[in-house]
Amino acid sequence: MASGSGRCPPPCFLKAVFAFMVVMGCLDRGYGGITSTFVRSEWPSIDIPIENEVFAVPKGDNAPQQVHITQGSVTNYTFYKYKSGYIYHCLLEGLEHGTKYYYKIGNGESAREFWFTSPPRIDPDASYKFGIIGDLGQTYNSLSTLEHYMKTGASAVLFVGDLSYADRYQYNDVGIRWDTWGRFVESSTAFQPWIWSAGNHEMEYMPHMGEVMPFKSYLHRYDTPHLASASSSPLWYAIRHASAHIIILSSYSPFVKYTPQWMWLREELKRVNREKTPWS
């Protein structure tokens, strides 16, 4: 597994609970493998220049870019004077478990082909390898973390918040740095699911630029399957993969007793079946 970043976050109780639930949920009932010894060496972190090849725009006229596996919709948005391209989220239904699928986006010479493997059927003995990454950013350290993760053979990423660190920038550069990050991680996100949770760097509350909607860029770009788990917000939700029941919480949304997140979590915990998903 890989865990790495551009920068260190402030302490976060709910992130710790999330990681604990995933990693420590059932040590007495299964073998989870060996955690990687990978440690980044370079510090401080330096953002990779935009002209670096890791951010290269795909060749072809209006070629698809920033591909990642997610839910279904079409949207775009503005941030200050930046205007995103159209963001397509395509929902696929009727897939078989444990099956490799190929998909193509675009037309003619601009078309690009990718593939992914659907997770195995829900089963207490199903084997599935997750990587855990947080605070990735787009620095040279971020690149070493991503490259290390892609060598692990893991099938999905549990992303514990703080994606692009675009909030370090101002005005139109905020949106541009979300674009570069999307191209940066595409080598993994286009081929396997990254299970998202939001951190403080996704809030992007910038009233001096007229931007006061928290999580605006994140919510437009990275959809989550929250409706499938009866959640009222894409910031908290649950999924089941193989032998794991994974609950994602938002530490930057109200979570005390009787808030929507608290009430949803209370009901979701009732749906956990340790006989089917011992890693819960």
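Throughout, read-outs are computed from the coordinates displayed, never taken from laboratory work. Note that the coordinates shown come from a computational prediction; the quantities given were computed from them, not determined experimentally. Positions of Cβ are generated from backbone atoms using ideal geometry, with glycine treated the same way; all protein chains shown enter the neighbour counts.
Things to note:
- Shape call, region 135-280: gyration tensor on alpha carbons, a/c limit 1.5: oblate
- Likely footprinting exposure, 276, 83, fewest C-beta neighbours within 10 Å first: 83, 276
- Global geometry of region 86-211, whether rounded, prolate or oblate, following the gyration tensor of its Cα atoms and the 1.5 cut on a/c: prolate
- Per-peptide packing, taken as the mean over residues of other Cβ atoms within 10 Å, places 186-195, 234-243, 168-177 in the sequence 234-243, 186-195, 168-177 from highest down.
- Projected label points at residue 36 and residue 227, each 7 Å from Cα along the beta carbon direction, are separated by 3.4 nanometres.
- Cα-based shape type of region 174-237, given that a ≥ b ≥ c are square roots of the gyration tensor eigenvalues and the cut on a/c is 1.5: oblate
- Loop sites in region 206-280: GluC sites (Glu not before Pro), DSSP, at most 13 other Cβ within 10 Å: 275
- Stretchable slack from residue 187 to residue 213, in nm (0.36 nm times residue separation minus alpha-carbon distance): 6.4 nm
- Sites residue 125 and residue 203, calculated FRET efficiency, Cβ-Cβ separation with R0 41 Å, nearest 0.05: 0.55
- Phi to ³J(HN,Hα) by Karplus 6.51 cos²θ - 1.76 cosθ + 1.60 over region 269-277, Hz, x for Gly, Pro: 4, 5, 8, 6, 10, 5, 6, 9, 10
- Using 0.36 nm per residue and subtracting the Cα-Cα separation, the extra length available between residue 269 and residue 81 on full extension is 63.4 nm.
- Cross-link pairs beyond the 18 Å C-alpha cut-off, checked among 129/270; 129/151; 81/216; 100/276: 129/270; 100/276
- The stretch between residue 109 and residue 96 holds 1.7 nm of extra length on full extension. This uses 0.36 nm per residue minus the Cα-Cα distance.
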